[in-house]
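Structure, as structure tokens:
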Amino acid sequence: MAMDSSVKKTTLKLVLLTLTMFGFGFAMVPLYDVFCEVTGINGKTNNTPYQYQTEKVTIDKSRTVTIQFVTNNNDKMGWDFYPKTTELKVHPGQLESVVFFAHNPSEQAMVAQAIPSITPFDAADYLHKTECFCFNQQRLTSGEKVDMPMRFVIDQALPKHIKKLTLSYTLFDVTPSHSN
Amino acid sequence: MSAVLEGHTTDHHHGPAKGLWRWVLTTNHKDIGTLYLWFSFAMFLFGGTMAFVIRAELFQPGMQIVDPNFFNQMTTMHGLVMVFGAVMPAFVGLANWMVPMMVGAPDMAMPRMNNWSFWILPFAFAMLSSTLFMEGGGPNFGWTFYAPLSTTYAPPSTVLFILSVHMMGISSIMGAINIIATVLNLRAPGMTLMKMPLFVWTWLITAFLLIAVMPVLAGVVTMMLMDISFGTSFFSAAGGGDPVLFQHVFWFFGHPEVYIMILPAFGVVSAIIPAFARKPLFGYTSMVYATASIAFLSFIVWAHHMFTVGMPITGELYFMYATMLIAVPTGVKVFNWITTMFKGALTFETPMLFAVAFVILFTIGGFSGLMLAIAPADFQYHDTYFVVAHFHYVLVPGAIFGIMAGVYYWLPKWTGYMYDETMGKVHFWLSFIGMNLAFFPMHFTGLAGMPRRIPDYALQFANFNMISSVGAFLFGFTQLLFLFIVIKCIMGGKKASAKPWEGAEGLEWMLPSPAPYHTFTTPPDVK
């Protein structure tokens, strides 16, 4: 049976719709990221250093916010990794600095990547990092120890109901993918 | 019987070819429908066998029969085989048989593609099943294959799993394109869209859902493949990706998918209830709009499957209310079916028994769905047997009973013989009892906190699990009776008239039974 032209037309449209939806599946990847960034959900923080401008910042001495630091090792990551300060009371607008310690006890050089996450998630937009070891991958030779600084400022616009926030880092072993 | 179109078998039409090649080369919609239905039944028994392994292990607490990794492969493969191998092909089979006859078309719009969309399925499932015998075993990460379980921690056979999902997707998409092209272009003159039987309507909408979401499934497994084989990081946080992204993309496919498995059953039941109530379907137009609304809503509720991933409260509230909204069009349908039966001259032949059970038991599944939609309550129900009870109630007495109702209803048309009514009723009642015994106790074990996908459980769940297992075995073995009834009906029996059901309506009943190999080569008159 020869395909009549109306069937051909319908089929063509449906094939195009199929391809569009396949593309849409992939488009969801950046779309979700954009969505998370715009709304600040998912506890994702900025991956680029915050430009700290002293003259613009007034320190809000009337408020004190507690910030806690938590570290985790992903899966079989063998490094020692912990914050030297586990809790800090800070005023919004004040530039603070903490140090995280990392040690590679293994026999070979390894590369690690720390991934931050903030709870409550609606605080994610208000924690600005001017310097962070999580911006780059960290390479440590066998037995090497390192103190890694992290400098941050909490935005004065932090919603009033947030009195305590937790910054968590998960350390991933990215050695194999780094070596090729 | 004057309406029967018997005079149209002219000499230039050939009958089916002889031998096995008939089935390999066929482009006839009835042959392909039959192939789909038999394939689906084989997969139903295969998936059921895996359910037997699961229920045998869970018969008593403690580790008895299989090791945990194999148990996980069984839960995963049971889900995959039942969803993609049993339920979906069964509905495509029904559509192949019935849609051309219902709209007065001679065949599907693209008969060769129809052949191809069936014949890649056995290869896809052969490939998927072969992974069970490979080193490292088959897929063991649940039918939802969440990353990183299905990427970082997956067995090496996962690549074959991905390829087989691609093949199933291609098959479904081709089938869907074919159905849409048939319905939109090949309707008999006078068969306007709003005169189409609801089975055709629900399938048209289902086909659009398939085309919209199967490519997204293809996308998500492609991303997995790239993460596994090509070092990308779609779902790996270490490389800047996000495992939660997997769940979002998967459920964007997954939620419409559950409606793909139920909408055609709505169509079947909407044909059967009026036939045995001897009244026209109540609220035809509202049924069409309700189906379309359910399809639309299915795209905007996906994250209710992932309330516990740490969504913001606004997200939880949105997905909670949007999900509850689905109860409105679904309620419209349920009330329409009940109103159709109200004051009807009801008789309860086997198709009607399955259809009535469908309405009652699917509604129970719908209600537990509403409970799960309540975000704060879902934190307790999430990943427990309550969820298992819920989706088995909408899939077994929902999708499967819908398919069985349709098979009994149309068997006389397909074979030319009546099935054995007594045995049909025995099949129904044993299935009904077995299925409720198997799945109702799961509500209680789930509420009490028994997690899903575990091979062992705490002692307090022992009694209910034993009842579930007994019910599951009863339900499973009963399906062999179904096989026997169908074969017996094909072999012979009481001759079926063109319209064996007094109240049945539709073009298919104008044809003789069994339906000739070629039908409606000249379009029928539609009033």
Q | Accessible area of region B:191-317 belonging to carbon and sulfur atoms, whole % at 1.4 Å probe | A | 74
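So for chain B, averaging the separation of alpha carbon pairs under 8 Å that are six or more residues apart and normalising by length, what relative contact order in percent results? Write out the running numbers ahead of the final one.
Numbers: 874 pairs, mean separation 100.7, N = 527.
Relative contact order, chain B: 19 percent.
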Q | Nearest-0.05 FRET efficiency for A:Asp147 and B:Lys488, computed from C-beta distance (R0 56 Å) | A | 0.10
(Q) Going by amide H atoms built from the backbone, whose H comes under 5 Å of the H on A:Gln94, apart from near neighbours? (A) A:Asp60, A:Ile154
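Tally up the carbon and sulfur contribution to the accessible surface of region A:41-179 as a whole percent, 1.4 Å probe, everything protein left in place. Before the final figure, lay out each step's value.
Values: 3440 of 7190 Å².
Here carbon and sulfur together make up 48 percent of the probe-accessible area.
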Q. So, in nm, how far is label A:Phe135 from label A:Ser6 when the simple model puts each one 7 Å beyond its Cα toward the Cβ?
A. 6.4
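Which residues make up the longest stretch of chain B clear of GluC sites (Glu not before Pro) that lie in a DSSP loop with no more than 14 other Cβ atoms within 10 Å, not counting the sites? Display every interim value, and only then the final one.
Details: sites that count: B:Glu6, B:Glu135, B:Glu502, B:Glu505.
It runs B:136-501.
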**Q.** Part-to-part distance (alpha-carbon centres) for region B:383-397 and region B:92-151, which is given in Å
**A.** 23
Q: Set Lys and Arg Cβ to +1 and Asp and Glu Cβ to -1, take the dipole of chain A about its Cα centre, and tell me which of A:Thr119, A:Ser142, A:Gly78 lies farthest positive.
A: A:Thr119
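Restricting to DSSP H runs of at least four residues, report the calculated mean residue ellipticity at 222 nm for the protein assembly as shown, -39500 (n - 2.57) per run over all residues, nearest 500 deg cm²/dmol.
On the way: 20 runs with 371 residues, N = 707.
Helix contribution divided over all residues of the protein assembly as shown: -18000 deg cm²/dmol.
As a test, work out the antiparallel percent of DSSP beta bridges whose residues both lie in chain A, rounded to the nearest 5. It would help to have the intermediate numbers written out before the result.
Numbers: 32 of 40 bridges.
Of those bridges, close to 80 percent are antiparallel.
Pairs to check: A:Lys8/B:Lys413; B:Lys30/B:Lys195; B:Lys343/B:Lys495; B:Lys18/B:Lys195. Give those whose C-alpha atoms are more than 26 Å from each other in this structure.
Values: A:Lys8/B:Lys413 31 Å; B:Lys30/B:Lys195 23 Å; B:Lys343/B:Lys495 31 Å; B:Lys18/B:Lys195 38 Å.
Pairs exceeding 26 Å: A:Lys8/B:Lys413; B:Lys343/B:Lys495; B:Lys18/B:Lys195.
Return the ratio Rg/(2.2 N^0.38 Å) for region B:13-148, where Rg is computed over Cα atoms only. It would help to have the intermediate numbers written out before the result.
On the way: Rg = 18.4 Å, N = 136, 2.2 N^0.38 = 14.2 Å.
This ratio for region B:13-148 stands at 1.29.
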Q: Quote the total accessible area buried by chains A and B together, excluding ligands, DNA and RNA, probe 1.4 Å, nearest 100 Å².
A: 2600
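From the square roots a ≥ b ≥ c of the eigenvalues of the alpha-carbon gyration tensor of the protein assembly as shown, which class results: rounded (a/c under 1.5), prolate (a/b over b/c), or oblate?
Working: a/c = 2.14, a/b = 2.05, b/c = 1.05.
It comes out prolate by the Cα gyration axes.
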Q) Helix B:350-373 versus the longest principal axis of chain B: what is the Cα-based angle in degrees, 0 to 90, to the nearest 10? A) 30
Q) Size of the dipole of chain A about the Cα centre, Lys and Arg at +1 and Asp and Glu at -1 on the beta carbon, nothing else charged, in debye to 20? A) 440
Q. Between A:Lys13 and B:Leu25, what FRET efficiency comes out of the Förster formula 1/(1 + (r/R0)^6) with R0 = 35 Å and r the beta carbon distance, rounded to 0.05?
A. 0.75
Q.
For the pair B:Lys18/B:Met466, report the inter-label distance in nm, with labels modelled 7 Å from Cα in the Cβ direction.
A. 5.9
Q.
Could you check the spin-label model distance between A:Lys164 and B:Met226? Points 7 Å from the Cα along Cα→Cβ, value in nm.
A. 4.2
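Subtract the Cα-Cα distance of A:His91 and A:Val57 from 0.36 nm times their separation in residues, and report this length gain in nm to one decimal.
11.1 nm
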**Q.** Peptide A:26-35, shielding by other chains (average Cβ, 10 Å cutoff)
**A.** 4
Q | Selected from B:Pro397, B:His255, B:Leu245, residue furthest toward positive end of dipole (the protein assembly as shown; charges at beta carbon) | A | B:Pro397
Q. If you plug each phi of region B:212-222 into the Karplus form 6.51 cos²θ - 1.76 cosθ + 1.60 with θ = phi - 60°, what whole-Hz ³J(HN,Hα) values come out, in order, with x for Gly and Pro?
A. 6, 10, 4, x, 5, 4, 4, x, 5, 6, 5
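Work out, step by step, the length gained on full extension between B:Phe348 and B:Met127: first 0.36 nm times the residue separation, then minus their alpha carbon distance; give nm to one decimal.
Numbers: separation 221, 0.36 × 221 = 79.56 nm, distance 4.23 nm.
My answer for the length gained is 75.3 nm.
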Q: Starting from the Cα gyration tensor of chain A, take the square roots of the eigenvalues, sort them a ≥ b ≥ c, and report rounded, prolate or oblate (rounded when a/c is under 1.5, otherwise prolate if a/b is larger than b/c, else oblate).
A: oblate
Q) Which FRET efficiency value, to the nearest 0.05, is calculated for B:Arg278 and B:Leu325 with the Förster distance at 30 angstrom and r the Cβ-Cβ distance? A) 0.30
(Q) So if I take the centroid of the Cα atoms in region B:159-227 and the same for region A:104-134, what is the distance between those two points in Å? (A) 44
Q: Could you work out how far helix B:111-130 tilts from the main Cα principal axis of chain B, as a 0 to 90 degree angle to the nearest 10?
A: 30
**Q.** Accessible surface, the protein assembly as shown, averaged per residue in Å² (probe 1.4 Å)
**A.** 41
Q | C-alpha center-to-center spacing [region B:407-467, region B:257-326] in angstrom | A | 23
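Let a ≥ b ≥ c be the square roots of the eigenvalues of the Cα gyration tensor of chain B; is it rounded (a/c under 1.5), or, if not, prolate (a/b larger than b/c) or oblate?
Values: a/c = 1.58, a/b = 1.47, b/c = 1.08.
Judged from the Cα gyration tensor, chain B comes out prolate (a/c at least 1.5, a/b above b/c).
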Q.
Charges at C-beta only: +1 for Lys and Arg, -1 for Asp and Glu. How large is the resulting dipole of region B:15-125 about its Cα centre, in Debye rounded to 20?
A. 340
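The values are calculated or read from the model by the stated rules, or taken from the named source; none is laboratory data. Only a predicted model underlies this, so the values are computations on that prediction, with no experimental measurement involved. So basically every Cβ, Gly included, is an ideal-geometry build from the backbone, and we count neighbours across all protein chains shown. The protein model used for the area step is the full one, side chains on, heavy atoms only, and it has no ligands, DNA or RNA in it. Shrake-Rupley method; radii C 1.70, N 1.55, O 1.52, S 1.80 Å.
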